Amino acid sequence: MKRYASLAAGLLLLVVGSAARAEDAKPFITNKDVDLTMILPPPPANDSAETKAELGEVLTMQVTRTPEMEARAIADAEENVWRFADVMGPNFNKDKLPKFSAFFDRVVETEGAVVDPAKDVWKRPRPHQLSDLVKPVVKLSSSGSWPSGHATVGTIMGIILSDMVPERRAEIMARAAEFAHNRIVGGIHYPSDVEMGKISGSVIAAVLLNRDDFKAEYDVARAELRSDLGM
């Protein structure tokens with residue numbers, strides 16, 4: 001939403017001034033480092049005109065989405081960097097990139113460590129929790145809707161991946177935007193949840209890229225990726 005654009009730009013200016021298995025990955029930072037409740041505005045009230053309008057948008061998407069769009073949204077429900085394979089090429093493979101894989105496992109864990117506590121504070125109901133007319137095609141969730149964790153992590157991954165491979169920045173960031181938008185397609189988030197997720201992801205990525213501990217693992221992962229891609 002355009003009205004959030006200036007907020008995102010301002011926050012970014014403000015912020016900038018290795019385990020092999022995902023379940024063992026440790027976040028680089030937590031909500032103690034980035035407290036989204038001190039950064040984002042609160043969500044619209046459940047009975048507000050904005051929420052009612054957003055429910056209308058979700059329901060419109062529900063009757064206009066195609067089977068192909070639904071399939072894409074279902075596949076994008078998986079939170080990992082390998083969802084970018086369609087823009088990264090055939091060599092973008094978990095088995096070939098163990099250090100890169102472990103690094104992004106930590107990135108994904110970072111999103112949860114920062115976003116989940118904020119979701120729990122705001123507790124915005126999901127669209128299907130406010131209206132029985134909403135029929136998500138992705139796995140249901142009862143966690144807070146604001147901000148979207150998927151939009152957050154998709155944005156973080158897109159920014160970091162495009163920083164590693166700037167030659168494909170446009171394609172990577174377009175894929176990150178689609179990954180986020182598919183939460184609306186799937187019927188599990190409001191558009192404003194996704195916008196807040198993009199802002200959250202941009203802030204978190206900016207913080208990470210300025211941390212020495214992150215940079216050390218980033219450099220190793222980047223070198224492995226670029227070597228594998230022949231860059």
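The share of Cα pairs per 5 Å bin across the stretch 179-230, counted from zero up to the longest distance, runs 4, 18, 15, 13, 14, 15, 14, 6 percent. Every Cα-Cα pair of the chain was included, and the share exceeding 28 Å stands at 29 percent. Extension gain, residue 140-residue 85: 0.36 nm per intervening residue step, less the Cα-Cα distance, totals 17.3 nm.
Within a straight-line Cα-Cα reach of under 14 Å, residue 139 can be paired with the following aspartates and glutamates, leaving aside sequence neighbours fewer than 8 residues apart in one chain: 70, 76, 78, 79. Summary of the geometry: the stretch 41-110 and the stretch 130-147, compared by the centres of their Cα atoms, lie 14 Å apart. Straight-line cross-link reach from residue 123 at under 16 Å between alpha-carbon atoms covers these aspartates and glutamates, not counting any fewer than eight positions away in the same chain: 35, 47, 193.
The residues of the stretch 93-151 expose, per residue, 44 Å² of accessible area to a 1.4 Å probe. Rolling a 1.4 angstrom probe over the stretch 41-180 with all protein chains present gives an accessible area of which 55% lies on carbon and sulfur atoms. For the stretch 58-171, the Cβ-based charge dipole about the Cα centre amounts to some 160 debye (Lys, Arg positive; Asp, Glu negative; other atoms uncharged). If the segment from residue 167 to residue 123 were pulled out straight at 0.36 nm per residue, it would be longer than the present Cα-Cα gap by 11.9 nm. Within a straight-line Cα-Cα reach of under 23 Å, residue 215 can be paired with the following lysines, leaving aside sequence neighbours fewer than 8 residues apart in one chain: 26, 32, 94, 96, 99, 198. Dividing the summed -39500 (n - 2.57) terms of all DSSP H runs of n ≥ 4 by the residue count of the chain sets its mean residue ellipticity at 222 nm at -19000 deg cm²/dmol. Modelled spin-label separation between residue 68 and residue 53, with each label point placed 7 Å from Cα along the Cα-to-Cβ direction: 3.1 nm.
Computed from the C-beta positions of residue 29 and residue 177, the FRET efficiency with R₀ = 30 Å rounds to 0.80.
The values are calculated or read from the model by the stated rules, or taken from the named source; none is laboratory data. Since the model is a prediction, treat every value here as computed from it, not as a measurement. Methodologically, a virtual Cβ is constructed for each residue, glycine included, from the backbone with ideal geometry; neighbour enumeration extends over all protein chains shown. Quick note on the areas: whole protein, heavy atoms, side chains included, nothing else; ligands and nucleic acids left out. Shrake-Rupley method; radii C 1.70, N 1.55, O 1.52, S 1.80 Å.
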